[in-house]
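Undergrad: If you scroll down you'll find the structure; I have some questions about it.
The values are calculated or read from the model by the stated rules, or taken from the named source; none is laboratory data. Only a predicted model underlies this, so the values are computations on that prediction, with no experimental measurement involved. Every residue, glycine among them, receives a Cβ derived from its backbone with ideal geometry; neighbour counts consider all protein chains shown.
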């Protein structure tokens, strides 16, 4: 029983810390957000009631799922770098240039959908991987920070797209918009027949990406090496891991996942890449990866929460609340999650240190008592 209790206690403490961090973050975020809303002269409880009522409607639920799909893919792309201790801030440029060339290829081909859809997705994955690989190559060969290179590559990607997205090059003009030729209807991704609007079938692509992320990083030797390098490059190198190869590989993988971010919009919504193609999803992915603690389930919940907040923002504005309130909520939630996990981590570390100190003191006391008994036995003899 003592052995069982000794093993069960750390598990119980770990569970307490795991549950305590998000609860602390939620309570703190609600308190701060309520204070901000109260300062504006509005009732925070009414705001939450409006959000829950509007967000629970069937059309809102469909909208939230469709919106969360690219957010989740973006978060997974960012998380691959985070687990390697790399800050891939270039997901925004990677998914946009990947979606652009995938749209160009999709608009130029006339294959059966069962063949053309994989080709479009493969082009997006390859372009995203190559674009991120530039940053990885510069990091491993020249020691240039991936933060700097990915920021610059975002700007370069936007410039490349802007150059080709013109009439007479790779785009055509439609009113005030320029866009690539439309992808044939036979190559549109399927949808789920939900009411009142359909759920994009690319939600399964996001699910498979999350499953692959969990399996590769958590259940393979490659994932173990990747996480080991993220913890300590020197220790991983000493154990025989090729650190430079892992850095380059992780950046390429991050870019490959980033290439899929634009697929839900491209194959389920716009069917071309135009000047109105959504931007900024890559930066949203950074926030969601932090919010989900790089865990596939946590990031899924974070993406849904982000979609919920964006969906209900319009209704709050109609109720007379400031439109910036939701932005404040999003920022406060991310900050509270990061701070709460750090607070709980330090709390757990202090508890472990006290427990180890107590065990060492007990052993020292037992050893001293044993020495005294031995000395008395020698004197009596």
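Undergrad: Tell me which residues, restricted to the range 311-351, are within 20 Å of the chain's Cα centre (by Cα) and assigned by TED's automatic domain parsing to the domain that holds residue 82.
TA: 311
Undergrad: Is it fair to say residue 79 is at pLDDT 95 or above and either closer than 27 Å to residue 180 by Cα or not in a helix (DSSP H, G or I) (or both)?
TA: So residue 79 does not fit the description; no.
Undergrad: Which of the numbered conditions does residue 278 fail, given that it passes all the others? Conditions: (1) in contact with a strand residue (DSSP E or B) (Cβ under 9 Å, 6 or more places away or on another chain); (2) surrounded by fewer than 20 Cβ atoms within 10 Å (Cβ to Cβ).
TA: (1)
Undergrad: Which of the helices (runs of 4 or more DSSP H) contained wholly in the range 217-283 include at least 2 residues that are in contact (Cβ under 8 Å) with a residue 24 or more places away in the chain and not assigned by TED's automatic domain parsing to the domain that holds residue 330?
TA: 221-231, 243-258
Undergrad: How many residues does the range 87-108 hold that are surrounded by fewer than 24 Cβ atoms within 10 Å (Cβ to Cβ) and either under 24 Å from residue 301 (Cβ atoms) or in contact (Cβ under 8 Å) with a residue 40 or more places away in the chain (or both)?
TA: 5
Undergrad: Tell me which residues, restricted to the range 217-252, are surrounded by 20 or more Cβ atoms within 10 Å (Cβ to Cβ) and over 23 Å from the mean Cα position of the chain (by Cα).
TA: Listed by number, the list holds a single entry, 236.
Undergrad: Mind checking whether some residue in the range 125-148 is farther than 28 Å from residue 250 by Cβ and in a loop (DSSP other than H, G, I, E, B)?
TA: Scanning the range 125-148 turns up no residue that is farther than 28 Å from residue 250 by Cβ and in a loop (DSSP other than H, G, I, E, B).
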